[in-house]
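Remarks on the structure that follows.
The values are calculated or read from the model by the stated rules, or taken from the named source; none is laboratory data. Remember, it's a predicted structure, so these values are computed and weren't measured experimentally. For neighbour counting, all protein chains shown are included, and Cβ atoms are generated from backbone atoms with ideal geometry for every residue, glycine included. Please note that ligands, DNA and RNA were not included when accessible areas were found on the heavy atoms of the full protein model with its side chains. Shrake-Rupley method; radii C 1.70, N 1.55, O 1.52, S 1.80 Å.
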Amino acid sequence: MSRLVVVSNRIAAMEGKKESAGGLAVGIMDSLKDAGGMWFGWNGKISEEDLPLEKHQQDNITFASFSLKQSEYDQYYLNFSNTVIWPAFHYRLDLVQYQREDYDGYCQVNERLAGRLQPLVEPDDILWIHDYHLLPFAAACRKLGMTNRIGFFLHIPFPTSEIFNALPPRKELLEMLCEYDLIGFQAETDRLAFIENLSLVTDVEQLDDDRFSAYGKSVTVRVYPIGVEPDSIRELAEGALPPKLAHLRDKLNGKLIISVDRLDYSKGLPERFQAFETLLENYPQHRGNIRYFQIAPTSRGDVQAYQDIRHELETEAGRINGHFSTLEWTPLFYLNQHYERSLLMKIFRHCEVGLVTPLRDGMNLVAKEYVASQDPANPGVLILSRFAGAANELTSALLVNPYDRDGVAAALDKALCMPLDERISRYKEMMDVITKNDIVHWRQTFLNDLKEVPIQESKAAKAS
Ligand code: ADQ
């Protein structure tokens, strides 16, 4: 049986931590356990020396990780991945800072990683590459003559041509993506955007419903909406709240609104704070009776745009609390911290409203986790941005436009007042989808497809 080799920018630290690991990490680990194989990625370390790969074995899985040089970290990770692709793919061209040498560094790191991986890979291993740091990875493997089946899953949106055209190396990126045998996207809009972009730069022949030929290569392009693990989330959520939090919950005696995000400009946090302010202004009956918890741990803190958003949020939180707080009541709690997953799921269960309003998001797992954490007999209400991939599936959420603060405030009012029977029926409809399209379904359909998509003869011939 062929082994599975997973390549992602970072390797999840899994040893003995299954409870605190996110669903995606668990899903990938379970795939690796099923097939046996290897997880290859960056270990988070910077070193100017050419250190050997760090390897360790856990049952039938090898973890192999590498360090990066400072210049590689800067060009590949900070600059091209996180200051060009991430903002552009989230429709924020204003935040893109493109420099040709960063793109070159990004491609060189992909080539170096492919070179380090190659000796560890058997000819019939299947490679599953994750996310935007590794768009050129298959092309780098093919250059080395590797003929393995290679699949790619993009966790973030793929932008339409108005945006993608602004990226100077757009043609090269698209051509390199065609070296994958299978490309998976979160949503149909992403899949269509990829095909549209490809058709604008080269001749594309449709070979099948979802198989295309371009640049003399053929690639299958499908949609695999990522899911969560509803049973394990429910188990975590059902446990007792830690005493301090239980005490706080009892003392609050009102309804709670919860948001949990990485601190990222794509998540629409300032717009969300302003919508909450509009709720307090336009619906004064809620003053003193609700609290909004925003949990947002710092991420990518060495990128300027992330420092800016952190500063902006601290200012906004202070302003809103300064305006509306009373001696007995503070409306907004902004917590810049990471929480244990098991605690987070319990917090979700004890909050009446889940407010998830990214400006753009590939999927947004928090939306699904919030719903899966709820008490089926007394569920909370999910308010969800139309611009999250999750909105394609969770159509029974209160769907909102995150740029429309009056609309989000009205949805908040509706959620806070929603009768039990409506909450239950919306919850059931969402749980049907979450259960059907769970993380197991996601990983199995992707990997089954990768094993079956027609092998790329032109690539194999080129390599031999
Ligand atoms: P992210 O942008 O990181 O993921 P999301 O899908 O919401 O966004 O996943 C975040 C994960 O981190 C969730 O599992 C959440 O519970 C956890 N998390 C967030 N804040 C936390 C905190 N304070 N403490 C502990 N855990 C926290 C990218 C894409 C998404 C896509 C995912 C998966 O941007 O669109 O859904 O990958 O494909």
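Taking only protein heavy atoms and a 1.4 Å probe, the accessible area of region 274-422 is 49% carbon and sulfur. Average accessible surface for the chain: 41 Å² per residue, computed with a 1.4 Å probe over protein heavy atoms with every protein chain in place.
Comparing region 320-419 with the 2.2 N^0.38 Å rule of thumb, its C-alpha radius of gyration ratio is 1.13 (two decimals). Take the Cβ atoms of Ala12 and Leu335, set R0 to 25 Å, and the FRET efficiency comes out at 0.60.
Taking the charge dipole of region 314-365 about its Cα centre, with +1 at Lys and Arg Cβ atoms and -1 at Asp and Glu Cβ atoms, the residue from Leu355, Ala317, Leu344 reaching farthest to the positive side is Leu344. Spacing of the modelled spin labels on Glu281 and Arg319, each 7 Å from Cα toward Cβ, amounts to 1.1 nm.
Here region 108-195 is treated as a Stokes sphere of Kirkwood radius computed over C-alpha pairs; at 4 °C and 1.567 mPa s its diffusion coefficient rounds to 95 µm²/s. Using only alpha-carbon positions in region 355-464, the gyration tensor eigenvalues give semi-axes of 37, 18, 8 Å once each is multiplied by 5 and square-rooted (largest first). Summing Lys and Arg as +1 and Asp and Glu as -1 over all other residues whose Cβ lies under 9 Å from the Cβ of Val408 gives a net charge of -1.
Against the chain, whose longest principal axis is taken from its Cα atoms, helix 188-201 shows a tilt of about 40°. Normalised by residue count, region 1-134 yields a Cα convex hull volume of 121 Å³ per residue. Of all DSSP bridge pairs formed entirely within the chain, close to 20 percent run antiparallel. Taking amide hydrogens as placed 1.01 Å from N in the peptide plane, the amide H of Gln58 sits under 5 Å from those of Phe63, each at least 5 positions away in sequence or on another chain. Extension gain for Asp104 to Asp124 (0.36 nm times residue separation, less C-alpha to C-alpha distance): 4.2 nm. Averaging the sequence gap over all C-alpha pairs within less than 8 Å and six or more residues apart, then dividing by the number of residues, gives region 25-88 a relative contact order of 30 percent.
Taking the C-alpha atoms only, the angle from helix 420-436 to the longest principal axis of the chain is near 10 degrees.
Taking Rh as the Kirkwood radius computed over C-alpha pairs, what is the Stokes-Einstein D of region 156-231 at 10 °C in a medium of viscosity 1.306 mPa s, expressed in µm² per second? D, rounded to a whole number, is 123 µm²/s. Evaluated at q = 0.17, 0.25 Å⁻¹, the base-10 log of the normalised Debye intensity for region 100-151, with identical point scatterers placed on the Cα atoms, takes the values -0.48, -0.97. Taking all protein chains as shown and a probe of 1.4 angstrom, Leu95 keeps an accessible surface of around 50 Å². Between the beta carbons of Glu48 and Phe293, assuming R0 = 45 Å, the FRET efficiency works out to 0.55 to the nearest 0.05. Shown in residue order for region 220-236 are the 3J(HN,Hα) couplings computed by the Karplus curve 6.51 cos²θ - 1.76 cosθ + 1.60 at θ = phi - 60°: 9, 10, 9, 10, 9, x, 6, x, 10, 10, x, 5, 5, 5, 4, 4, 5 Hz (x for Gly and Pro). In the chain, the DSSP-assigned H stretches of four residues or longer account for a calculated mean residue ellipticity at 222 nm of -12500 deg cm²/dmol, using -39500 (n - 2.57) per stretch and the full residue count as denominator.
Other residues with beta-carbon under 11 Å from the beta-carbon of Gly362 carry, at +1 per Lys or Arg and -1 per Asp or Glu, a net charge of -2. Near the amide H of Val5, within less than 5 Å, lie the amide hydrogens of Met38, Ile126, Leu127, Trp128, all on another chain or at least 5 residues away, with H placed in the peptide plane. Can you tell me the orientation of helix 243-252 relative to the chain, as the angle in degrees between its alpha-carbon axis and the longest Cα principal axis, to the nearest 10? Its long axis makes an angle of about 50 degrees. Taking every lysine pair in region 341-464 that is 8 or more places apart or spans two chains, those with Cα atoms closer than 23 Å amount to 11. With a Förster radius of 22 Å applied to the beta-carbon distance between Ser161 and Asp404, the computed FRET efficiency rounds to 0.25.
All Cα-Cα separations within region 237-357 were binned at 10 Å from zero, giving a P(r) of 12, 44, 34, 10, 0, each value a whole percent of the pairs. Remark: the chain projects, on average over all directions, an area of 22.0 nm² (convex hull of Cα atoms).
Note that region 136-153 has calculated 3J(HN,Hα) couplings of x, 4, 5, 4, 5, 5, 4, 4, 7, x, 6, 10, 4, 5, 10, x, 10, 10 Hz, one per residue in order, obtained from phi through the Karplus relation 6.51 cos²θ - 1.76 cosθ + 1.60 (θ = phi - 60°); glycine and proline are x.
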